[in-house]
Amino acid sequence: MEQKKTKSNRLNLESLSARQREILNLVNEVGFSSIDSLASQFDVTPQTIRRDINRLCSNKLLQRHHGGASRTSSVENVDYNTRQTILNQEKKRIAEMVAQQIPDRASLFINLGTTTEEVAKVLSQHKRLKVITNNLNVAVTMSQNEDCEVIVAGGMVRHRDQGVTGEATVEFIRQFKVDYGIIGVSGIDEDGTLMDYDYHEVRVAREIINNSRSVFLVTDHTKFTRNAMVRIADMSEIDAIFTDKNPPMHFRELLKSKEVALYVAEKNEKISSEP
């Protein structure tokens, strides 16, 4: 099987033009590149770059995003600052939709991720929330609302995204049982497995799932079928997915079979029925 994959990858690369190979190398090196920056660098039109990106993505050599493309890897995520700019407006719409489902006076966990941070920005307008988080960006946002109580998990702070992880974080989360857990993921496998890159981050997400009465997954459409290395949970362990576009039919059928509600910001509506 490995030999077949290697041969297939080699054939895909051999079919590329010189410019497409250069684009592939560049994106893999920096993590993400926009259509406009690539068009300027190669002195071609944005339409030409879009065709190149489409070719690379159809061969599963890159991952398409609104306005650009990123490397595809099961072991390394795109850097945090870049992720903040990818699908930013879509993440805001997801956040607004999630906030409609969270009542005032609720207790909740919010974990790491650029989409969960957008949720925090919208929730900061709610009243009498009790928020437990291992995300310092979320803590700063929520603490600006004097009507919210914010509790920050202990542990080691990561420089790259101000996330708090480690054994102390996991033990801290276990002390609570809250109304809602709001989590993000790096990828959703075709069998419905929720995936991430960081083992320490996954352990915290796992405890949030275990200790929340309802679990909401917030994720943009690019995470469906995206590769990541560490398993968080099965899709059946969450209550609802909030995303910006309708996922492929396979995932919609999977969600229905696992009784997971689907909310799509593109249509601003719930697609599947309550479990």
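What follows is calculated from the coordinates using simple rules that are stated; it is not laboratory data. For clarity, every value in this text was computed on a predicted model and none was experimentally measured. Reconstructed Cβ throughout: ideal geometry from the backbone, glycine too, with neighbour counts over all protein chains shown.
Quick check on the chain: of the DSSP beta bridges with both residues there, what percent are antiparallel, nearest 5%? Around 45 percent of the beta bridges assigned by DSSP in the chain are antiparallel ones. Subtracting the Cα-Cα distance of residue 57 and residue 191 from their residue separation scaled by 0.36 nm leaves 46.1 nm. Pairs exceeding 25 Å between alpha-carbon atoms, taken from 130/256; 130/245; 60/256; 121/223; 127/223; 223/256: 130/256; 130/245; 60/256; 127/223.
Among 66, 221, 159, the largest mean-square fluctuation in a Gaussian network model of the chain, built with springs joining Cα atoms closer than 10 Å, belongs to 159.
Within the range 180-275, the GluC sites (Glu not before Pro) that combine a DSSP coil assignment with at most 11 other C-beta atoms in a 10 angstrom radius are 190. Between 0 and 90 degrees, the angle of helix 199-210 with respect to the longest Cα principal axis of the chain falls at about 40 degrees. Around the amide H of residue 129, modelled in the peptide plane, lie the amide H atoms of 105, 149, all under 5 Å away and 5 or more residues distant in sequence or on another chain. Taking amide H atoms as placed 1.01 Å from N in the peptide plane, the amide H of residue 215 lies under 5 Å from those of 181, 239, 240, each 5 or more residues away in sequence or on another chain. Taking 0.36 nm per residue of separation and subtracting the Cα-Cα distance, full extension of the segment from residue 229 to residue 143 would add 27.6 nm.
In the chain, the alpha-carbon atoms span a convex hull of 133 Å³ per residue. Highest mobility in the GNM of the chain, judged by mean-square fluctuation with C-alpha springs under 10 Å and restricted to 24, 136, 16, is found for 16.
Each residue of the range 156-165 was assigned a 3J(HN,Hα) from its phi angle through the Karplus expression (A = 6.51, B = -1.76, C = 1.60, θ = phi - 60°), giving 8, 8, 7, 5, 5, 9, 6, x, 10, 9 Hz with x at Gly and Pro. Mind checking the angle between helix 88-99 and the chain's longest principal axis? C-alpha axes, 0 to 90 degrees, to the nearest 10. Here the helix axis deviates by roughly 30 degrees. Label separation (residue 258 vs residue 246): 2.0 nm, computed from points 7 Å beyond Cα along the C-beta direction.
Any idea what the relative contact order of the chain is, in percent, if you count C-alpha pairs under 8 Å spaced at least 6 apart? Contact order relative to length: 14 percent. Available extension along the chain between residue 157 and residue 42 is 37.5 nm, counting 0.36 nm per residue and deducting the alpha carbon span.
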